[in-house]
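Below: the structure, in structure tokens.
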Amino acid sequence: MTATRPRVGVLAIQGDVAAHARALARVGAEAIEVRTVKELDGLDALILPGGESTTIAKGMDRLGLYEPLRAFVRAGHPVLGTCAGAILLARQVENRPVETLGVLDVTAVRNAYGTQVDSFAATVDARAAEGLEGLRCVFIRAPRLRRPGEDVTVLARVDGEPVLVQQGRVLAATFHPELTDDPRVHARLLALIDARG
């Protein structure tokens, strides 16, 4: 981690980059918009925001970001993917697949909860949310995460479904933590920076 505030990149191809920047400010981090390989330099962590996974995937391809992002994760930098970002981290995608980074051992099912009009908010299941009790989750055209590998820890569930998972320093949320005032998901990302040293 840097001597001052941690520098956390937010992939700025599409999605609510500003909301993630505000959430990062609440937990004491500096948000850096990332659109080029050069902008990955010096980052302590990275967020892949929600949005439309096909659009973001095409942008990543156009900007030549797939391999640099994989290298960023392989180097041990913490990464958080939210909604579409979670899809782009997965090893496999169902329901109109897109190319992914393949760094999280889950299958993401796109739009598994329905369309935009099916968006909803829910609180995580109390018994399966150590340290995340009462966390409110906003789901917008959200994916489901299926078949997590043995190295994937489910950190929170809603109605029994995994909604926040972790594998090493990779976090994935099927919801939008940036759309609430609860800082715990972004704080967990910063804790992974501290753990990396």
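Each value in this text was obtained by applying a stated rule to the coordinates, not by laboratory testing. It should be emphasised that the depicted structure is a prediction, and the values quoted were computed from it without experimental measurement. Virtual Cβ from ideal backbone geometry, glycine too; neighbours counted across all protein chains shown.
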Excluding exposed DSSP-loop GluC sites (Glu not before Pro) (at most 11 other C-beta within 10 Å), longest clean stretch of the chain: 1-129
Extended-chain gain in nm, criterion 0.36 nm per residue less alpha-carbon gap, Arg26 and Tyr66: 11.5 nm
Backbone HN-Hα couplings from phi across region 33-49 [Karplus 6.51/-1.76/1.60, Hz, Gly and Pro as x]: 6, 10, 10, 10, 4, 4, 6, 6, 4, x, 7, 8, 7, 9, 10, 9, x
Cα gyration tensor of the chain - equivalent ellipsoid semi-axes, whole Å, descending: 23, 20, 16
Least to most buried among Thr54, Thr174 (fewest other Cβ within 10 Å first): Thr54, Thr174
Normalised contact order of the chain, rounded percent, pairs of Cα under 8 Å and 6 or more residues apart: 20 percent
Cβ-derived FRET efficiency at R0 35 Å, Arg96 paired with Arg5, nearest 0.05: 0.35
Whole-Hz ³J(HN,Hα) from phi, Karplus 6.51 cos²θ - 1.76 cosθ + 1.60, for region 64-78, glycine and proline x: x, 9, 4, 5, x, 5, 4, 5, 4, 5, 4, 6, x, 6, x
Amide hydrogen neighbours beyond the local backbone of Leu80, cut-off 5 Å, H modeled: Leu46, Ile47, Leu48, Leu171
Computed [θ] at 222 nm, helices only, for the chain once each DSSP H run of length n ≥ 4 contributes -39500 (n - 2.57): -7000 deg cm²/dmol
Stretchable slack from Ala191 to Arg146, in nm (0.36 nm times residue separation minus alpha-carbon distance): 13.6 nm
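Under the 0.36 nm per residue contour assumption, what length would be gained going from the current alpha-carbon distance of Val154 and Ala126 to full extension?
That works out to 8.8 nm of additional length.
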Convex hull (Cα only) mean projected area of region 134-186, reported in nm² to one decimal: 3.9 nm²
HN-Hα J in Hz across region 183-193 - Karplus 6.51, -1.76, 1.60, θ = phi - 60°, x for Gly and Pro: x, 5, 6, 5, 5, 5, 4, 5, 5, 5, 5
Cα-centre dipole for the chain with unit charges at Cβ (Lys and Arg positive, Asp and Glu negative), debye to 20: 220 debye
Under 5 Å, built H, 5+ apart or other chain: amide partners of Ala121: Phe139
